[in-house]
């Protein structure tokens, strides 16, 4: 549906140098899917979104929607942004303060022309109804709460039935509680309308909660694309593993293939382990393993059955309510483990550790 | 899908969409360029040329510069100008900064009057302020002198405005409100926690004011001084009314004299004007450098902080008295003396005896004044036309400068702000030269006044529009375009309505300064294109002080009502805060 190929953008920095913001970005989004560009600030995700919207002119590359090329550097095509028919919700919402709620939402239909006022009224009211803003239609837009402004911005973006819905960190200006509620709302609305959506955020939790597919970006490049679960459970490199959730990293040397396919025996500084890798490994090479803190099982009693086992000493611990974080020293290294709050091993005491080989991931890329 | 591509590629389609937008922008650029550059070019040209006469073409010459720069007279002019402007700027900066500090940082009483203080001097035309101070403090007829002499039984002259210190005094207190506004803004953008931590370190209030507040405000003080210096060196009414009778000449009064001598010496006037331009350009350039570099003082962030009010205890009676005295000097006394003299058949010191001769005859005389109808009509038309055209023009230019990436937009910004360095008298002179040389028959008509006003007030429009555009989030326009609106629709339905508060404020300001405008008009008017300020000037020249007072009182009253109505209107129908 949306296809972006070889997209590169450049901007002029304050010192007059040309800086590459997005480099060689390429991805495809299927119709009706929720696609997220995730990355830290300055990674090029907003630039990519603005290029799709037509707010920025890329240096090179091609963007097409439903087979219609909206931008192509090589063929010198650039459809004006007001002819692209994309809806967009800005980070600031960009609600026009001199118009009331209805006027804001009706604007896109009015400026397009071709619709009678009664038809506009019906369409706008239907959308406001979906957004739960119907009773506020005549209210001044400046008198709306943050959450209502956000829904109005969304209403305005979808009222014209856009081919593509672009969302630029729409939840970042809301307080934590409201943000969580709007996450559900946004997901429900997107799934109901089935509008293809491109979402930009630096918040990994939002990305994981909302998306069908996530592209993790760093320094202008896409470093990994995949469904939320794959991104979280099988990070390809250290950046992805660290940016999404937190991770323990262990250096190891490959020994040999394990008897199960996809599993390898490796030797780390505190003994031999079985780890999972998506690609084949060469025995004798060094690799980095990533283990999520919640996959580090701690116990005061010895574990039974299969898996990777160690022993360590509790270095410090933090009680967080619904879970407890333990820092455990194992042979001079400190590892983070997230456990059930019922574990109350005192600091300085020994503790048994188990890691499921499935959750012991070899970072294969970069 | 191929059709879609063709739409995008079709040059005709592209062109039609582009033309409409660029037509307006192009027209605005040409008009602004013409207004700002043509007079300057002709002024420079004239300063190197012999005067144009019907029987003789203009010839290249360096004589103008040679005559000016080898003359001791010029050195005296320069010294007088710099002393006058420097002294006036020091006085107004000192007064304005003290008042701003009292208003922003202390619990001085009568605070609601501070606002009036900043607005009222705006509506008192310069010529009336100076005339009022002559009636107050001239050695022969000054009310203050006569009252003191009568009370003390001497004939000692206490005050004399016809001296260099007298000129500085009048100019300084007249411009102090500008210093007040500039320094208030500086104090407001200063992080109060910097002062609070000094207080908590054990410093006294005065130590905080001296060692923290003032130090932090140093860049703003320097920049304000330069603005005030340029204002004073440009001022015309003060040197003309106070300096010329006493033989104290500065550049502006000398330009006027050179043009009104017989035969008039345009070459000499142009060369003086060029020298003045170099001084004012230097001042403005230095000031803009200072303001730009103030970024390294993290305190001046452009962010408004909640003002912190310090309790200064009994000192507040002293600051309150200081403030009331100032208000009396800048508003009370001048206005009262104008009202008093407007009611007298012949100018007389206020007394019980004189109270019996009070009459409204002078007001009648103003209504009977031959050119008064033409002048009022011209002033109204010029003020409305100038304000509307300037605000519309600079809205487009400001948008172009701030919102597009058109190459050379910084140049356009500078061109539109260029007239800022040109004193009114120099604008008048340059436009006179330009349209005498270009012909076209507009010299001597009201059109040449309109051109002069547009040129003079272009920078004000730029300032109002760029300030409000900067506050306007760019995403408000982008979302309109993504909604399918083209440039016109976006500009008309989003940008202009959101700029409305700034547009209204700027419009109002330009209407008022247009009505007050004297220094350009006095060189360009003809009997048909006379304006209100020039009538005041004529009355003064004719020695009709009492009629001048009557007209002044009416003008101030009208402008005051206009400001009140316009502000009430703005509050009611203005756009809500963004």
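The values are calculated or read from the model by the stated rules, or taken from the named source; none is laboratory data. Fair warning: this is a prediction, and the values are worked out from it, not measured in the lab. We place every Cβ from the backbone using ideal geometry, glycine too, and count neighbours over all the protein chains shown.
No other residue among A:300, A:278 is in contact (Cβ under 8 Å) with a residue 12 or more places away in the chain and over 16 Å from residue A:352 (Cα atoms) apart from A:278.
Only one entry in B:520, B:468, B:514, B:533 is within 14 Å of chain A (Cβ to nearest Cβ) and buried (at least 20 other Cβ atoms within 10 Å of the Cβ), namely B:468.
Considering the stretch B:476-504, the residues that are free of Cβ contacts under 8 Å to residues at least 60 places away in the same chain, assigned to a helix (DSSP H, G or I) and within 17 Å of residue A:84 (Cα to Cα) include one that is farthest from the chain's Cα centre (by Cα), namely B:482. Filtering the stretch B:491-506 to residues that are in contact with a helix residue (DSSP H, G or I) (Cβ under 6 Å, 6 or more places away or on another chain) and crowded, with 22+ Cβ neighbours inside 10 Å leaves B:494, B:499, B:502, B:503, B:506.
The number of residues in the stretch A:134-158 that are within 12 Å of chain B (Cβ to nearest Cβ) and more than 20 Å from residue B:480 (Cα to Cα) comes to 1. Summed over the stretch A:88-98, residues that are crowded, with 19+ Cβ neighbours inside 10 Å, more than 7 Å from chain B (Cβ to nearest Cβ) and either more than 18 Å from residue A:198 (Cα to Cα) or touching a strand residue (DSSP E or B) at 6+ places or on another chain (Cβ under 8 Å) (or both) total 2.
The set of residues from the stretch B:59-83 being without any contact (Cβ under 8 Å) to a residue 40 or more places away in the chain and assigned to a loop (DSSP other than H, G, I, E, B) comprises B:59, B:62, B:70, B:71.
In the stretch B:422-446, the residues that are modelled with pLDDT of 90 or more form Cβ pairs under 6 Å with partners that are not in a helix (DSSP H, G or I), at six or more places apart or across chains, as follows: B:424/B:519; B:424/B:520; B:425/B:236; B:425/B:519; B:427/B:520; B:428/B:520; B:435/B:442; B:435/B:443. Residues in the stretch A:104-128 that are surrounded by fewer than 18 Cβ atoms within 10 Å (Cβ to Cβ), touching a residue at least 12 places away in the same chain (Cβ under 8 Å) and within 25 Å of residue B:474 (Cα to Cα): A:112 alone.
The residues on offer are A:167, A:154, and the sole one that is surrounded by 23 or more Cβ atoms within 10 Å (Cβ to Cβ) and within 20 Å of residue A:228 (Cβ to Cβ) is A:167. Taking residue A:287 as the residue in question, decide whether it is surrounded by 13 or more Cβ atoms within 10 Å (Cβ to Cβ) and either assigned to a loop (DSSP other than H, G, I, E, B) or within 28 Å of the chain's Cα centre (by Cα) (or both). Yes, satisfied.
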